[in-house]
């Protein structure tokens, strides 16, 4: 496709997005699509008498990973009451939720997510007047998702946010403690609907881990030391190249550690060439199962607010998390496996010092464990 053609497609998509935002605020449009009759529902309400529950998952992988406990609570709760549950998700998000049992999962392409798209309109019609409860787990849903929720004509449409989302959402639920870890805040929604606390923990089979180790060996990565996965693709999209290169240069000086880098969790996205030039082997292309196996194989992963962080927390792998100070408690609090390295505005040499300190402490912890084992 030529540059001009791509530019024209981009302009068209931007114009449609602007039009969608305008329509979402238009009362005339609400009358036109017959959703103005949506009642405002107050708590308490009867959330148990449901035959069909539609759960719309977040668009991004990290946000979905942080919803896994909440999702398990909802599925367990409504399965026990005999309801049929459908999860609606984007194609790239699907592998994260494919392991849930007793649910139907419907996927869509992210390019279809527009009220002007024929496939999206057909998807909306397929749920019309067939859904008792529609639950939107996206924190800031765009208009196509709000339109979908409204067009289900479900008596109860639950989501996050304020009452300004009416008539698309008629019950808005928010945690009473906005400083809590995000995954804990998310679970407040399921708790409000009557669900009991549940925790998701992923595991990987021995054969899957062996496959990951073989993949690393093929790329000449030494497995004799402790393995560390660097999320350089994520860092390259957020931080200065010079800082990322300095991080790599300094951690590679540490003995007893072998390093590799995650690629993008999308086979269509290429990793910048300069990352490979740092001397760290980039494992790509990646799928969710392959990434999970690499994380499970690693002693540490060094990441930030990325899908790798979300998956690492589900696998209980030790994480060195580089987060902006204002976001540290939202992602890292109450997680023993996460060693938070906060920064203000942008990471610097002190941030790298803190990362190296965590790696050295991990090395000492490993050595003490080996010594104690020998004494026994």
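Annotations for the structure displayed:
- Compactness of the range 180-283 as Cα Rg over 2.2 N^0.38 Å, two decimals: 1.42
- Each peptide in 251-258, 277-284 gets a packing score, the mean of other Cβ atoms within 10 Å over its residues, and the list from highest to lowest is 277-284, 251-258.
- A protection proxy built from the mean count of other Cβ atoms within 10 Å ranks the segments 63-72, 336-345, most packed first, as 63-72, 336-345.
- As a length-normalised measure over Cα pairs under 8 Å and 6 or more apart, the relative contact order of the range 35-192 settles at 28 percent.
- Pairwise Cα inverse-distance average, inverted: Kirkwood Rh of the range 255-376 (Å): 15.8 Å
- Relative contact order (%) - the range 206-375, alpha-carbon pairs under 8 angstrom, separation at least six: 20 percent
- The convex hull built on the alpha-carbon positions of the range 35-192 has an orientation-averaged projected area of 8.6 nm².
- Cα-only radius of gyration and Dmax that characterise the range 127-239, units Å: 21.1, 59
- For the peptides 348-360, 177-189, 141-153, 101-113, the ranking by mean Cβ contacts within 10 Å, running from highest to lowest, is 141-153, 177-189, 348-360, 101-113.
- Cβ-based exposure ranking for 122, 311, 73, in which fewest neighbours within 10 Å come first: 122, 73, 311
- Residue exposure sequence - 301, 209 - by fewest surrounding Cβ within 10 Å: 209, 301
Computed from the coordinates by the stated procedures, all read-outs in this text should not be read as laboratory data. Here the structure is a predicted model, which is why all the values come from computation and not from measurement. With ideal geometry, Cβ positions are generated from the backbone for all residues, glycine too; neighbour counts draw on all protein chains shown.
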